[in-house]
Each structure stands twice: as structure tokens, then as C-alpha cells.
Ligand code: PGA
Ligand code: ZN
């Protein structure tokens, strides 16, 4: 009865008003699962391929009708009749059907939408929430949210060089309180900006996007906001950064190690070791506990140097570096390139591969952060995925804009549902850092 009867895709719009895919899977007993696919702006070059039409007469070439056609014909034909409860078998079938290393033929967006809709139909068929379906009985850990309250880089042109300035409410007793603290700090930041005559407009992930001369100015504003809200930085909340360094890295002519990091807003150009020194200074001057993509996606040797230097003190997260890809993760583990990985299901294209990458990183003693994309929908799968995988951390934007809040609100509901069995890790989410134990 859990056999798939139909698979249907449609074009919907994401939070930036660009087309994306929604997939509906219906089982023989009438149970349905619906999922949609997010989209990045600072997309890493090792990500699986997001198939776009390229037809300039529709949505500036960003339509996804080809990918939808693949779902409605080839993909549907391949998985209709299979059991929705066999997630691994279905994902394997999708991977084989596509037949390329980077999902370029059918599109990683087509594959992921299908994969997630199958999982949701399976959970529904079993009559359990998605986090329970994917994570079994032990899945009771709510994630510490990493809220991007100040947006720069490609998410807010003309703001800061660094893409994201996040707060992590590690001092809260539970997720509900963590969200309250974060929202209060967010609104204090609004006041701090207003008092200084700075813009309170927001960027793609709901964080403020003032025009600032340097990244340090952003950190100072956030510290002022934490203080104004009545909390202690370095205790109640820490700061996390995602410079998204690949976006301001200019590769060397013959060798990537000769590239430069160009902070144009700040008016400085740094070599890899100078960029590392810049972070060492930031970490000693500010309560920064996590840096994601501090270096570029091809600058492997520098990643290992950065980790040797700061990896005991702070979380170093590879996003573009790993692209949720097992081979790249294995390379990172072997080279001690970081101590954490960002997990974005659409970087790899199926749920099973995503779960395998999370598991492998956890086995290596790394932290895992389940993440949204800058282009999102109302889909809340990543909230369930965070709980199901015991990730301990989630990155879903500012406490502003409904496509961001959909994830946090889903977590509020999950925490309520789990009652006294719900756990909030707080500082322990960063279990691989001595000072957070
Ligand atoms: P993206 O950015 O979704 O625009 O790629 C998010 C990130 O870099 O973490
Ligand atoms: Zn990132």
C-alpha cells in the first residue's frame, strides 16, 4: 500500500521570486507527500547542478520547466510502483537514472524535490512526523539556531564584504527561549542601526544590510545589540561568521595558492596567510565561536593551516569547500581541513546522500550544521532533518521573513511535541571545542 502511484511536479516561486520546483508524490492508499527545493546565490562550484531552462523569454532564463518535465516523465516512470518506505533504494534509482557525477542530466533540483517528497509521503504513511520517521526513537535533540542577523556579500550588495553575521544563543535553556533571545537581539539591532542613522532594510536572509566600512563595524553593532537586549556576549550568545570567502577570492593565474582575498568594502587585499591572521585577530578581539568558508573552496592547504591554528578554539565550517559531497568530505577529514561541515541537501541532490555525509562527519568527531539556502520556500524539511540527524545546529536565517521563520516555527512545534524528552544542547552543540564542554 506504500507503493508510489504518482509523481507530479510544478513550478512555484521562491523567496526571491525566482522559479523553483514543488513535487507531489501520491501513494496507492492516497497518502501524499509534498516538498519544494531551495536555491543558493553564493553557489559553490562543486555543488550538484541546479537545472535551469536558460530560456531568456521566461523568468530571465531561470525557469525550471525542463527539470519538471524530467520528474513528470522519466523519474515518475522509474519510481512509480516502488515503495515510498524504501528511501535508500529510491535515491539509488534516481542517482542511476541520472547517470552523471554531478546530477547534470536530470538536475539535482529534480532529484532532491522527488527524494524529499518520497520521504514525506513515507512519514505520512507511517503516521509519524518526518523527524521521527528519519531519525527513529533517539531523535530528540533540538538544534542551536545560527541566526544571520546582518547580511552582506552576495545577499545584500553594498553592505559588508563578509556574507553573514550570525548569533548563536547557546546560553538558553531550550529552543523556545533561544528563539526569544535571538528575536530580542534582532530588534535591538534594529534600534542600534536606527540610532546611528544606518539603513534598517533587510537582505535575502532577513538580516539587516547596512552599508558599513568594515566587517569589524558589523561585529561592534551586534555586540551593542546584545548588550542593549540585556544579554552577555560570550556567555548567552556567541557570534558566528560566514565570510563566504570564495565570493571575494581571486584565484592565482597558475596555482590557486597564489590567489588573493579582496575585501573591497574595507579596501584591503590579503594573501591566504594574511587572511588567516585576520581571523586570528578577530577571534581574539570578539566572541566569535564559528567561521564558515573563511577561505576559498580550492584553497585546501590554507584550510589546514587555519584549522591547525584555530581549530581547537572555534568551529571551522566548510560549506562551498565540501558542497555536502562525500568525496570532498573525506579529503577534508584526511587533510584536517576543518572541524565542521555545513549540510545543504540541494548541494548533493538526494536525502540518502545527505544523511550519509552527516553520519560520516559525526563519526569523524566534527559538528554538522543543517542549512537553508538564501532562496527558500515555506518547506520545513531542514528543521525535521536537524532533529532526525542529531545535528545539534541549524542555520536558517534571521528571525524575520516567513520562509526563514517557517523553519524556526517548525522547531518550536517539534519541541512542544517532544515535551520533557526534548533536549537543547546549548554550548554542548560545539562538543568538539574544549572550552564549550
Ligand atoms: P547561498 O548562501 O544559499 O546563497 O549559497 C548560503 C551560504 O553561503 O551559507
Ligand atoms: Zn556559506
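You will find that of 309, 347, the residue that is in a helix (DSSP H, G or I) and within 16 Å of ligand 1 (Cβ to nearest atom) is 347 and no other.
When 342, 316 are checked against the criterion of being modelled with pLDDT of 95 or more, within 16 Å of ligand 1 (Cβ to nearest atom), in contact with a helix residue (DSSP H, G or I) (Cβ under 9 Å, 6 or more places away or on another chain) and outside any helix (DSSP H, G or I), 316 stands alone in meeting it.
Taken over region 27-48, the criterion of being away from ligand 2 (no atom under 16 Å from the Cβ) and surrounded by fewer than 19 Cβ atoms within 10 Å (Cβ to Cβ) is satisfied by 28, 29, 30, 32, 34. Taking the listed residues 378, 327, 353, the one that is more than 16 Å from ligand 2 (Cβ to nearest atom) and without any contact (Cβ under 8 Å) to a residue 40 or more places away in the chain is 327, with no other qualifying.
With the structure loaded, tell me whether residue 206 is outside any strand (DSSP E or B), more than 21 Å from residue 232 (Cα to Cα) and under 22 Å from the mean Cα position of the chain (by Cα) or whether it fails that test. Steps first, please.
Working: outside any strand (DSSP E or B): yes; more than 21 Å from residue 232 (Cα to Cα): yes; under 22 Å from the mean Cα position of the chain (by Cα): yes.
So residue 206 passes the test.
Scanning region 49-60 for residues that are over 12 Å from residue 346 (Cα atoms), surrounded by 19 or more Cβ atoms within 10 Å (Cβ to Cβ) and more than 16 Å from ligand 1 (Cβ to nearest atom) returns a single hit, 53.
Taking the condition of being part of a strand (DSSP E or B) and away from ligand 1 (no atom under 16 Å from the Cβ), how many residues in region 214-253 meet it? Steps first, answer last, please.
Initial filter on region 214-253 (part of a strand (DSSP E or B)): 233, 237-242, 249-250.
If we keep only those that are away from ligand 1 (no atom under 16 Å from the Cβ) too, we end up with 233, 237-238, 250.
Count: 4.
Between residues in region 287-299 that are under 12 Å from residue 45 (Cβ atoms) and residues that are part of a strand (DSSP E or B) and within 15 Å of ligand 2 (Cβ to nearest atom), which pairs lie under 7 Å by C-beta distance while being six or more apart or on different chains? The qualifying pairs are 296/249.
With respect to the conditions (1) touching a residue at least 40 places away in the same chain (Cβ under 8 Å); (2) touching a helix residue (DSSP H, G or I) at 6+ places or on another chain (Cβ under 9 Å); (3) more than 30 Å from residue 221 (Cα to Cα), residue 121 falls short on a single one, namely (2).
Could you go through region 41-53 and let me know if any residue there is out of contact with any strand residue (DSSP E or B) (no Cβ under 6 Å at 6 or more places or on another chain) and in a helix (DSSP H, G or I). Looking through region 41-53, none of the residues is out of contact with any strand residue (DSSP E or B) (no Cβ under 6 Å at 6 or more places or on another chain) and in a helix (DSSP H, G or I). Within region 28-49, residues that are closer than 30 Å to residue 81 by Cβ reach partners that are at pLDDT below 95 and away from ligand 1 (no atom under 15 Å from the Cβ) with beta carbons closer than 7 Å, at six or more positions or on different chains, in the pairs 28/1; 29/1. If only residues of region 260-294 that are in a loop (DSSP other than H, G, I, E, B) and under 30 Å from residue 227 (Cα atoms) are counted, the one that is nearest to ligand 1 (Cβ to nearest atom) is 293.
Selection over region 385-424 of residues that are part of a loop (DSSP other than H, G, I, E, B) and either under 17 Å from the mean Cα position of the chain (by Cα) or closer than 23 Å to residue 345 by Cα (or both) gives a count of 9.
The values are calculated or read from the model by the stated rules, or taken from the named source; none is laboratory data. Computed from a predicted model, the values in this text were never measured in an experiment. Cβ atoms come from the backbone with ideal geometry, glycine included; neighbour counts cover every protein chain shown.
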